[in-house]
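**Q** One structure is given below, represented as structure tokens, and several questions about it will come after.
The values are calculated or read from the model by the stated rules, or taken from the named source; none is laboratory data. Keep in mind the model is a prediction, meaning the values are calculated, not measured. Counting neighbours? That spans all protein chains shown, and the Cβs are built from the backbone with ideal geometry, glycine included. Only protein heavy atoms, including side chains, enter the accessible area calculation; ligands, DNA and RNA are left aside. Shrake-Rupley method; radii C 1.70, N 1.55, O 1.52, S 1.80 Å.
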Amino acid sequence: MREPLVVAHRGASAALPEHTLAAYELALREGADGLECDVRLTRDGHLVCVHDRTVDRTSDGSGVVSESTLAELREFNYGTPDVPAELLTLDTLVELALSWTERPVKLFVETKHPVRFGSLVESKVLAALARFGISTPASAAHARAVVMSFSAAAVWRVRRSAPLLPTVLLGESARYLGGSAATTVGATAVGPSVKTLREHPDTVDKAAAAGRATYCWTVDDRADVELCRELGVGWVATNHPGRTKNWLAS
Ligand code: G3P
Ligand code: CA
């Protein structure tokens, strides 16, 4: 069985501030196969890589992303006092992933919901991926981008507008992920949390039987990495990409 591929969750975010260019560059140097990011729309329509509704936790400023302009959010420091970092846009992250020539790196873009701009987020994500020429891959294996969401409606919107693009329906409940939701929205993979996978290890086989891959988050402990390996999880998202790659190689 193939080893799980390793996705850097918000970059190498255990070592460096999440969603910063430096965290993603470190993840690439550490051997990550994929890069995960959360995206939100600013008030003036720019996609930025921010997990929370506000930038209060991850910057030295404050404010709701959807109520602030890109220029306003760019005023803040997203790194540390000693090593400042700029706000990361999705465009810059796509450029980084595509510029990495050592191996083809996949970008896992998660859209957050509910949000003020609703389906505009998926429209903008798909437009950005199209601009970079990565919205119509020849196959899921060749795809350089995957779109994910806890929102089934969001996954459905992506599937309908970009049917060749792989998608992950994220969820906390094995019952939900193993039920009809993933089929209904046409998700190509399911994304259980590692807690869900521990409690319901058959989630992976059930997904495979339906032709779907499994993406598991957030896998930071060695025992969980081993569990994912044994179960045949395709992708593990972790805050420690380098360490996880080493564990999987041993
Ligand atoms: O990779 C999926 C995972 O990131 C979902 O949870 O809250 O970290 O975005 P969260
Ligand atoms: Ca996420």
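**Q** Scan segment 3-41 for residues that are surrounded by 24 or more Cβ atoms within 10 Å (Cβ to Cβ), of a type in the set (Ser, Thr, Tyr) and not in a helix (DSSP H, G or I) and jot them down.
**A** Residue satisfying the conditions is 20 alone.
**Q** Consider residue 80 carefully, then state whether it is among the β-branched types (Val, Ile, Thr) and more than 16 Å from ligand 1 (Cβ to nearest atom).
**A** yes
**Q** Could you check, for segment 48-59, whether at least one of its residues is open to solvent by 50 Å² or more (accessible area, probe 1.4 Å) and away from ligand 1 (no atom under 15 Å from the Cβ)?
**A** Yes.
**Q** Separate question: Restricting attention to segment 98-143, and to residues there that are within 16 Å of ligand 1 (Cβ to nearest atom), open to solvent by less than 20 Å² (accessible area, probe 1.4 Å) and out of contact with any helix residue (DSSP H, G or I) (no Cβ under 8 Å at 6 or more places or on another chain), which single residue is nearest to residue 48 (Cα to Cα)?
**A** 110
Residues are listed down the side, and each one gets a yes or a no for (1) away from ligand 2 (no atom under 16 Å from the Cβ); (2) farther than 27 Å from residue 103 by Cα:
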{"site": "146", "(1), (2)": "no, no"}
{"site": "150", "(1), (2)": "no, yes"}
{"site": "162", "(1), (2)": "yes, no"}
{"site": "167", "(1), (2)": "no, no"}
{"site": "181", "(1), (2)": "yes, yes"}
{"site": "198", "(1), (2)": "yes, yes"}
{"site": "213", "(1), (2)": "yes, no"}
{"site": "224", "(1), (2)": "yes, no"}
{"site": "243", "(1), (2)": "yes, no"}
